[in-house]
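First comes the structure, then the notes that go with it.
The values are calculated or read from the model by the stated rules, or taken from the named source; none is laboratory data. Being a predicted model, the structure only gives us computed values, none of them experimental. Glycine gets a Cβ as well: all are built from the backbone with ideal geometry, and neighbour counts include every protein chain shown. Each accessible area value is taken on the protein alone, full model and side chains, heavy atoms only, with ligands, DNA and RNA left out. Shrake-Rupley method; radii C 1.70, N 1.55, O 1.52, S 1.80 Å.
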Amino acid sequence: MIRLQRYLLYIRNNSVKNLILTVGRTVWYKGQMKMQKIHDDHRDSSKLYKAADKGLQPVSIETVRLDLSQIKKEMADELWEMYRQHRFDLLGSGWVKSSFIQDCRGLDGYHYPNPVIKTDSEGKFLKKIMRRQNYANARKIFSHIKGEYEPIDWQKDFKSGYRWGADRWYRPQETAKKPGGDIKVPWELSRLQHLPRLAVLSRVLPEKKEIIYKEFHNQLLDFIAQNPVRMGVNHMCTMDVGIRVANIALACSLWKGMGQTFEADFERIVTNYIFNECEFIRKNLEWSYYLTSNHYFADIAGLLWGSAVLPESRKRSRWLRFSRNQIINEILKQFHKEGSNAEGSTAYHRLTGEMAGYSAALIRYLAREGSVMDAPQEIYNILYKAGRFTNDIMRPDKRFTQIGDNDSGLFFRLSITGSMPENGKPEEDLNDGRPFVSAIYGMFGSKELEHAGLKYPLECSLMQDLCGRNTLHCDAEKKISVKKHHKKALEYRKEYFIDGEGRSLLKNIRRIDYPEFGLYIFRSDELYLCVNLSDNGQKGNAGHAHNDKLSFELFIGGKCIFEDPGTYVYTPLPEMRDLFRSTQYHNTIFCGEEQNRYNGMFSMYDDTRCFVLELGKNVIEARVEYRGHMHERRLEILDAGIKVVDWCSHEFVQQFEQKPAARGYGKLTDRR
């Protein structure tokens, strides 16, 4: 039923021409996929590229000029120990080992026994986990692993123990058929975002460079051997393939920049793998006439980074031109003129902003090399504003305000955020948006973003290197005007007062508006207030939006008073997915119905419309309308506190009890 409703929505929102083109493209694509599956059912899915014999053409990065001054040696040492032991802290898992014999602790009571697979140094175990036609090539690749090495289980959700398999074709793979199994865990691990980090750690720990390189070499070969192209869960989502390819490209470039010599066989295997994955991306783009999102951006960003490090060939030239042009188109399409992203989520703004920023910097690098044309000035204007948006929604605790979904997604994971608690294991804070702001500061050198560059100088220095050590120009901005509407007389009214705890909330108060996204921020010496009037994003699909209209986040004197509850998890616990995006879970009002009706796990009906009624230096009044309901809210900042007045067309409940909050995907903290 939900699928039928989506088809009807798609038909309603598209022209006849686009529908005909979509049908034609779908028929052609399915025919191609059928032929590809017939091939992969009988022969090795990986293809040998003669051009791979030429080896990699890494992005030239002056690694000696990368600023690692803020990475503490003891933190780096502990992080290296975790990676060496094949322990990963992803999506709220804590530091967990992913192997074929390690049992898992389970997720919210759901636990699946681990199928014990005895591994060996010769790679004979691969026969048990993949198709016969892929085995010979996989074992040949695995044979290049050096010394003692315990293989990683790349197909397992190491939180619940649920396992997929590389013996299955990538289409149609499915999310876990049982509750608790989270497909995002193997996807996140397969992004290989720790590989560039290993190169960085070898700079911080020079005495361990040789053993760190050996681990990088072995883990990359292990992944390539166990994950033949178009096989298993790690090829189901092209987005993750794109991010993986970009991270491999960056990691190899960093190692080469440090003077590391790759063995000929290893380099040929890696080069051939990147060729295969770039071809896979090009044939499996997550694109439609109606909507492109962060998924498609990851596809083309991965294609750009992957093809950038490939040797000269006709395919490389085509892929570079295509990805360069598409990245420029998507920046213009997916970002508002004010710099905010159109997903309806601040976390997905950060993710897409990273992909856009690093890709634009690489385009600039390739333009200097003569491979592509540079991006137009309009693109750089948007990127600067995108960085400033994340900077402006940074709370006093240095985390960004969560609006909509947050799956802790990053493009590159370089600087070490968070802290080192007493147990000695690093606890990263992926809601710290300053690494992204630092990267944008590296491109433009704007004074207002400098604090992020000082805290996380690695991203700043990397961007400076890609941009040729030249600070880019940003044209003067044009402010987006805020359209105001008329107040309506509503029957029901309630007040609520938030005490300022003896602090002067009006001292040096200022307001920052992002009307295209729908955020209004009030800051003073003692106050941070972010009011949400966002639309549902994704042209109304609301894939990552929440029922949070007229909710707000509030800090007084650096203390968190109210914060958005975040996301927690997606597919493993559908009831929790709906709870964390529900109206009742946010500090707006509830009058018996959800603001937007659910239309599947990653879609809602586009029911809500938000309007600004009054906007001043210390006051905002706004209205949300949905299916005959009207709710108006006025927040007035007084010197001694904040007065909240709600009006509604129906009986309602004010919701000011702080719910348990997830600060990043899977990271639940009881903030009540």
Report, largest value first, the span of the C-alpha coordinates of the range 354-405 along each principal axis, in whole Å.
43, 19, 17
Whole-Hz ³J(HN,Hα) for each residue in the range 75-83, computed from phi via Karplus 6.51 cos²θ - 1.76 cosθ + 1.60 with θ = phi - 60°, x for glycine and proline: what do you get?
5, 4, 5, 5, 5, 4, 4, 5, 5
Could I have the simple spin-label model distance between Asn470 and Asn18, label points 7 Å from Cα toward Cβ, reported in nm to one decimal?
3.8
Take the Cα of Met601, step 7 Å along the line toward its Cβ, and report every residue of the range 93-113 whose backbone nitrogen sits under 13 Å from that point.
none
Over the heavy atoms of His42, what accessible area does a 1.4 Å probe trace out, to the nearest 10 Å²?
130
Once all protein chains are kept in place, Leu303 shows an accessible area at probe 1.4 Å, nearest 10 Å², of 0
Debye, to nearest 20: dipole size of the chain, +1 on Lys, Arg Cβ, -1 on Asp, Glu Cβ:
2160
Starting from 0.36 nm per residue, how many nanometres of slack lie between Ser317 and Gln658 once their C-alpha separation is accounted for?
117.4 nm
Could you provide, to the nearest whole Å², the per residue accessible area of the chain with probe 1.4 Å?
39
Residues of the range 383-417 with amide nitrogen under 18 Å from the 7 Å Cα-to-Cβ point of Glu477?
383-395, 400-401
Just to make sure I understand: if all protein chains stay in place, what is the order of Lys283, Lys50 by accessible area at 1.4 Å, largest first?
Lys50, Lys283
If Arg523, Arg493 are ordered by their accessible area, calculated over protein heavy atoms with a 1.4 Å probe, which sequence runs from highest to lowest?
Arg493, Arg523
Within the chain, the percent of DSSP beta bridges that are antiparallel, given to the nearest 5, stands at 95
Tell me the Rg and the Dmax, in Å, that the Cα atoms of the range 121-217 produce.
16.0, 47
Can you give the accessible area of Lys128 in Å² (nearest 10), computed on protein heavy atoms with a 1.4 Å probe?
140
Just reorder Ile20, Ile152 by solvent-accessible area, largest first, 1.4 Å probe, all chains present.
Ile20, Ile152
Starting from the Kirkwood Rh over alpha-carbon pairs, what translational D in µm² s⁻¹ does the chain have by Stokes-Einstein at 10 °C and 1.306 mPa s?
61
Dipole of the chain, positive direction: furthest Cα of Gly232, Gln133, Gly500, with charges on the beta-carbon
Gln133
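Rounded to the nearest 500 deg cm²/dmol, what is the calculated helix-only ellipticity per residue at 222 nm for the chain, with -39500 (n - 2.57) per DSSP H run of length n ≥ 4? Before the final figure, lay out the partial values.
Numbers: 18 runs with 249 residues, N = 672.
For the chain, the value works out to -12000 deg cm²/dmol.
Considering all alpha-carbon pairs of the range 39-100, what whole percent are spaced by more than 16 angstrom?
Working: 1379 of 1891 pairs.
In whole percent, the long-distance tail amounts to 73.
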R0 = 60 Å: FRET efficiency of Arg510 with Lys54, Cβ-based, nearest 0.05?
0.60
Roughly how big is the range 104-205's charge dipole about its Cα centre, with Cβ charges of +1 (Lys, Arg) and -1 (Asp, Glu), in debye to the nearest 20?
340
Taking only the Cα atoms of the range 485-635, how large is their convex hull per residue, in Å³?
118
For the chain, longest principal axis from Cα atoms; helix 434-444 axis from its Cα atoms; angle between them, nearest 10 degrees, is 80
Using the Cα atoms of the range 336-427 to build a convex hull, what is its mean projected area in square nanometres?
7.7
If I model a spin label as a point 7 Å beyond the Cα along the Cα-Cβ vector, how far apart are those points for Glu450 and Lys617 in nm?
2.7
Provide the FRET efficiency to the nearest 0.05 for the Thr669-Trp287 pair, computing r from the beta carbons and using R0 = 45 Å.
0.75
With the charge dipole of the chain built from beta-carbon charges (+1 for Lys and Arg, -1 for Asp and Glu) about the Cα centre, the Cα from Leu615, Ser253, Gly442 projecting farthest to the positive end belongs to Ser253
Would you mind listing how long the range 380-472 runs along its three principal axes, going by Cα atoms, in whole Å with the largest first?
43, 29, 22
Distance between the C-alpha centers of the range 472-523 and the range 560-603? Whole Å please.
23
Pairs Lys159/Lys667; Lys97/Lys455; Lys487/Lys617; Lys47/Lys209; Lys30/Lys539: which exceed 23 Å Cα-Cα?
Lys97/Lys455; Lys47/Lys209; Lys30/Lys539
Between 0 and 90°, nearest 10: helix 314-334 axis offset from the chain longest Cα axis:
10
In Å, the Kirkwood hydrodynamic radius of the range 601-654 over pairs of distinct alpha carbons?
12.7
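How high is the relative contact order of the range 544-672? Use alpha-carbon pairs under 8 Å, at least six apart in sequence, and give a whole percent. Before the final figure, lay out each step's value.
Details: 245 pairs, mean separation 31.6, N = 129.
It comes to 25 percent, rounded to a whole number.
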